[in-house]
Each structure stands twice: as structure tokens, then as C-alpha cells.
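Only one structure is covered here, and it is reproduced in the block below.
The values are calculated or read from the model by the stated rules, or taken from the named source; none is laboratory data. Every value quoted in this text rests on a predicted model; they were computed, and no experiment measured them. Because the Cβ atoms are built from the backbone with ideal geometry, glycine has one as well, and the counts that use them run over all protein chains shown.
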Amino acid sequence: MPLALLALAVGAFGIGTTEFVMMGLLPEVANDLHISIPTAGHLVSAYALGVVIGAPLLAAVTARIPRRTVLIGLMALFVAGNALSAFAPDYHWLLAARFLSGLPHGAFFGVGAVVATSMVAPERKARSVSLMFLGLTMANVAGVPVATLMGQHLGWRATFLGVSSIGLAAMAALALLIPRAEAHAAPAAGLRGELAALRSLPVWLALGTTVAGFGALFAAYSYITPMLTDAAGYADASVTLLLALFGVGATVGNLLGGRLADHALRATLFGGLLSLAGVLALFPVLMSAAWSAALAVTLLGMAAFVTGSPLQLMVMEKASAAPSLASSANQAAFNLANAGGAWIGGLALAAGFGVTSPAVAGAGLGVLGLGVAGVAYAVDRRRVAPRVGRERVVAGRVPRLGETVRR
């Protein structure tokens with residue numbers, strides 16, 4: 001695999017760290033800025049809002065700029081946002097800085113996925129995307145725990161300075177390792193072509209699968225701590241280690257999904273969504289004992305992230321003429337899933353269905369994701385059949401009645 005994928009993974013590692021570390025630093029930030037923890041929680045939402053807005057917006061406005069330049073510029077914006085977070089004098093400045101930090105997130109992964117797949121053979125595209133996403137999953141294994149400990153011992157501002165340094169390292173790696181072809185050649189589609197890609201029904205069905213599928217994950221993951229402490233009986237101090245197990249599972253699932261998707265993209269997607277729904281449906285049973293709860297957290301990470309590369313690649317293939325905007329929009333869909341899944345899981349809790357009820361709600365979202373993916377498959381089959389028929393007519397032979405049409 002090209003070394004340039006390492007540069008993309010370093011950027012993804014920094015982005016993943018800054019996205020999730022705020023959740024572990026809320027008490028320190030709230031105490032230092034003299035605000036309540038619920039108010040500090042808006043800092044998480046501000047970042048997610050930045051991702052949702054920035055992903056399609058920045059991908060659209062940079063449509064004519066060489067992708068290598070775009071990636072370096074996005075990482076520079078990331079560094080600026082985290083540095084401003086470190087030096088924010090009050091809550092409102094920090095809120096704005098967190099929004100700024102989120103703006104380049106989706107576009108970086110979207111454009112990065114396009115660059116990653118352009119550097120490898122067609123049969124290795126999904127693996128190239130999974131290697132970029134490896135930085136994101138490793139952030140949950142190592143980046144977030146280390147950054148959280150840094151914030152607890154050196155202050156939360158030191159954490160964001162550390163994340164900024166990761167961004168600077170990513171900028172240097174991108175400049176050195178991204179091929180020269182990406183440095184000088186601007187994408188051919190332009191803004192009009194990128195926007196036209198979003199008129200495609202298959203693209204929207206792929207995005208809908210992302211929202212439902214990852215909504216299933218976040219319906220449960222947003223409330224994983226009370227499940228582990230109240231249902232499985234773990235102490236609060238053990239939760240960080242268990243979340244690292246989730247990161248390990250996500251890393252394994254991500255690499256496995258990339259490898260399998262290169263052989264059978266649609267089957268990998270269906271298998272991942274089915275596994276995710278199954279694991280979530282079993283959560284009420286698995287959370288009844290400490291050992292099975294640890295297994296459940298690991299399996300949740302694996303099942304969810306098996307679908308990551310297939311979903312990203314499917315969106316790009318459905319918008320093959322102009323993939324950057326659609327690929328970035330998939331990252332916005334991922335963050336909509338974050339917000340929507342957490343909301344649906346919260347409804348289940350508020351209704352009094354029990355501490356593991358968000359996982360059951362997540363299983364329902366997983367089934368919904370399977371349904372949307374099934375509709376997308378049916379639409380693809382309907383579109384392919386007439387095209388194959390026309391090609392055979394042009395070739396001088398009409399398929400015989402009952403003849404199987406190979407796809």
C-alpha cells in the first residue's frame with residue numbers, strides 16, 4: 001500500500017482524538033470555565049455541527065482545487081481550531097473554536113477517501129479506505145485515553161495543544177507523501193459536477209444507510225457507561241479500559257471490512273448491518289455479567305466498523321463522476337447518525353424501558369439500515385437490467401426468454 005495512506009491515517013488519528021476526547025474532559029472544562037456539565041456538553045454538539053456544515057460546504061467550495069492542496073489546507077484549519085481551543089479565554093470562545101475544529105473533519109475524510117482509492121488498484125480500494133480510517137479507530141484505542149489523561153494531569157488546554165501538534169505532523173506527512181500528480185491536477189468535475197452527483201437516488205440511499213446503520217451504533221454507545229456500571233456492575237474507573245476494548249474491536253472490524261468489501265462489497269455491508277443489529281439485540285443478556293459485557297463492547301465496535309469502508313466506497317461509486325462532495329456528505333451523515341442515534345436511545349431511557357433499552361432501540365435502527373440497503377440493492381438491479389439488455393441489442397443479440405443476465 002502507498003505510504004501516502006500513512007499521512008491520511010495520521011490526520012485521521014488527530015481528528016478522531018479531538019472529536020472524542022471532549023467527552024472525557026467535560027468535568028475539567030466545566031470546572032475551569034465555571035459552567036455546568038450539561039452546558040459543557042454543548043461543546044460536543046458544536047463540533048458535530050461543524051462537521052455536518054463543513055463537510056459538504058468545504059468539499060463544494062474546493063471542488064476545483066488540487067486535492068493534495070485541499071487536504072493540507074483542511075489540516076491547517078484543524079490545527080487552528082484546536083490551537084484556538086487551547087487558548088480560548090471563556091466558554092463562548094471555546095464553543096466557537098470547537099465549531100471551527102469540526103469544519104474540516106468531514107471534508108478531510110471525504111477528499112482523503114477519494115485520494116486513497118486513486119492510488120491503488122480497483123480490487124484494493126476498500127482496503128485503502130480502511131487504512132485511512134485506521135487512524136480514526138486507533139484514536140479510540142490510544143489517542144483518546146492518552147489525551148484524556150493528559151488533560152486530567154496537565155489541564156485540558158494541554159490536550160488541545162497536543163492535538164494541534166498531531167495536526168502539524170499530518171500536514172508535513174501530507175506534503176511529503178501525497179503523490180505529485182495530486183499536487184498539480186485539479187479534479188475535473190468542478191462544483192457543478194459535484195453538486196450534480198447529489199441528484200442521484202442511489203447516492204441518497206447510500207447516505208440513508210449510513211444514517212440508519214451508524215445511528216444504531218450511537219443509540220447504544222452514547223449510553224454505554226450507565227450500561228456498564230448499572231447493568232454489568234463495573235466500577236466507574238473501569239469504563240475507560242472497556243471503551244479501549246471498543247476501539248480494539250472497531251480497529252479489527254475496520255480492517256476486516258476493508259478486506260472483505262474488496263471481494264464482495266454489498267455482501268459485506270449486509271453482513272455487517274445484520275451483525276450489528278444482532279449484537280445490539282443481545283445487549284440486555286450480554287450486560288448481565290461482567291465478562292459478557294466486555295465481550296459485547298468489543299463485538300459492538302467490530303460489527304459497526306465492518307460497515308465503514310463499504311459504506312464510504314458505495315457512496316463514492318454511486319457518484320463516480322464527482323465523488324468528493326458525496327464522499328464528504330457521507331461523513332456529515334455519520335454525524336447526523338451520532339446525534340439522531342443518541343436522541344432515539346435517550347427516548348428509550350426516558351420512557352423507562354431500562355438501562356439497556358437504548359441498545360434495543362439501536363437494533364431497530366440496524367434493521368432499518370438493512371431495509372434501506374435492500375431498497376438500494378433493488379434500485380441498482382432495476383437500473384442495471386435495462387442497460388445490460390440495451391448493450392446486448394447493440395451487440396446484435398437480444399437475450400432469449402428466460403436467459404440469465406450476468407451482472
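The table below gives the values:
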{"quantity": "Any hit, segment 84-94, residues being under 30 Å from residue 125 (Cα atoms), modelled with pLDDT of 90 or more and out of contact with any strand residue (DSSP E or B) (no Cβ under 6 Å at 6 or more places or on another chain)", "calculated": "no"}
{"quantity": "Residue satisfying all of: in segment 41-62; crowded, with 21+ Cβ neighbours inside 10 Å and among the aliphatic types (A, V, I, L, M); farthest from residue 31 (Cα to Cα) among these", "calculated": "59"}
{"quantity": "Subset of segment 233-260 (residues that are closer than 18 Å to residue 289 by Cβ, among the aliphatic types (A, V, I, L, M) and surrounded by fewer than 17 Cβ atoms within 10 Å (Cβ to Cβ))", "calculated": "235, 241"}
{"quantity": "The lone exception for residue 55 - which of (1) modelled with pLDDT under 90; (2) of a type in the set (A, V, I, L, M); (3) in contact with a Leu (Cβ under 8 Å, 6 or more places away or on another chain); (4) farther than 18 Å from residue 151 by Cα it fails", "calculated": "(3)"}
{"quantity": "Any hit, segment 220-236, residues being among the β-branched types (Val, Ile, Thr) and under 18 Å from the mean Cα position of the chain (by Cα)", "calculated": "no"}
{"quantity": "Residue that is aromatic (Phe, Trp, Tyr), modelled with pLDDT under 90 and in a helix (DSSP H, G or I), where the choices are 218, 270", "calculated": "218"}
{"quantity": "Condition met for residue 253 (within 25 Å of residue 139 (Cβ to Cβ) and of a type in the set (Gly, Ala, Ser))", "calculated": "yes"}
{"quantity": "Residues located in segment 92-102, provided they are surrounded by fewer than 24 Cβ atoms within 10 Å (Cβ to Cβ) and either within 18 Å of the chain's Cα centre (by Cα) or not in a helix (DSSP H, G or I) (or both)", "calculated": "99"}
{"quantity": "Of residues in segment 340-352 being within 10 Å of residue 218 (Cβ to Cβ) and of a type in the set (A, V, I, L, M), the one modelled with the highest pLDDT", "calculated": "344"}
{"quantity": "Test: residue in segment 343-359 that is closer than 30 Å to residue 125 by Cβ and outside the structural domain of residue 51 (by TED's automatic domain parsing)", "calculated": "no"}
{"quantity": "From the options 120, 129, residue that is touching a helix residue (DSSP H, G or I) at 6+ places or on another chain (Cβ under 6 Å), in a helix (DSSP H, G or I), assigned by TED's automatic domain parsing to the domain that holds residue 175 and within 30 Å of residue 256 (Cα to Cα)", "calculated": "129"}
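Listed here are the residues, each with its yes/no results for (1) out of contact with any Phe, Trp or Tyr (no Cβ under 6 Å at 6 or more places or on another chain); (2) aliphatic (A, V, I, L, M).
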| site | (1), (2) |
| --- | --- |
| 65 | yes, yes |
| 70 | yes, yes |
| 79 | yes, yes |
| 86 | no, yes |
| 91 | yes, no |
| 100 | yes, yes |
| 107 | yes, yes |
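Listed here are the residues, each with its yes/no results for (1) closer than 26 Å to residue 330 by Cβ; (2) modelled with pLDDT under 90; (3) not aromatic (Phe, Trp, Tyr).
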site	(1), (2), (3)
159	no, no, yes
171	yes, no, yes
176	no, no, yes
185	yes, yes, yes
208	yes, no, yes
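Residue by residue, here is whether (1) surrounded by fewer than 21 Cβ atoms within 10 Å (Cβ to Cβ); (2) touching a Leu at 6+ places or on another chain (Cβ under 9 Å); (3) at pLDDT 55 or above; (4) not aromatic (Phe, Trp, Tyr) holds:
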{"position": "338", "(1), (2), (3), (4)": "no, yes, yes, yes"}
{"position": "354", "(1), (2), (3), (4)": "yes, no, yes, yes"}
{"position": "359", "(1), (2), (3), (4)": "no, yes, yes, yes"}
{"position": "362", "(1), (2), (3), (4)": "no, yes, yes, yes"}
{"position": "366", "(1), (2), (3), (4)": "no, yes, yes, yes"}
{"position": "375", "(1), (2), (3), (4)": "yes, yes, yes, yes"}
{"position": "391", "(1), (2), (3), (4)": "yes, no, no, yes"}
{"position": "399", "(1), (2), (3), (4)": "yes, no, no, yes"}
